[in-house]
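Written below as structure tokens is the structure these notes are about.
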Amino acid sequence: QVQLVESGGGLVQAGGSLRLSCAASGTIFSINGMGWYRQAPGKQRTLVATITSGGSTNYADSVKGRFTISRDNAKNTVYLQMNSLKPEDTDVYYCNAEVVDRGSRYVHDYWGQGTQVTVSS
């Protein structure tokens, strides 16, 4: 089985910065895409940023220019550097990984436990 463990969330003032980390472990053969999503109460989970195994990135328009996604393939870890934070960025943030399972070799999506990001005005 595969686990994704997130860290780095917290409370920050508007204009501040946070860096989220998500480390994958378990029966991993390889990881294709990785990404970050966010969800507020009563809302749908939406894409924030994704990154391929080769380093190509994609961002939601709302975070473009403020957030940067990166990954360390040797550590099976994805990061989200969040700068110029706004109150509307307040959400629970979830990491995602497209994992090629070591046993089955099928590609499955796995999710982190979620980490709270709160931005005060």
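The values are calculated or read from the model by the stated rules, or taken from the named source; none is laboratory data. As the structure is a computational prediction, the values presented were derived from the model and not from experiment. Here the Cβ is made from the backbone with ideal geometry for all residues, glycine too, and neighbour counts use every protein chain on show. Note: areas computed on protein heavy atoms with side chains; ligands, DNA, RNA excluded. Shrake-Rupley method; radii C 1.70, N 1.55, O 1.52, S 1.80 Å.
A few points about this structure:
- Counting only lysines at least 8 places from LYS64 when in the same chain, those with an alpha carbon closer than 18 Å to its own are LYS86.
- Centre separation in Å (Cα based) which lies between the stretch 16-69 and the stretch 71-105: 4
- Modelled label positions at ASN32 and ALA14, each set 7 Å beyond Cα in the direction of Cβ, lie 4.1 nm from each other.
- With all protein chains kept in place, the per residue accessible area of the stretch 1-84 amounts to 52 square angstrom at a probe of 1.4 angstrom.
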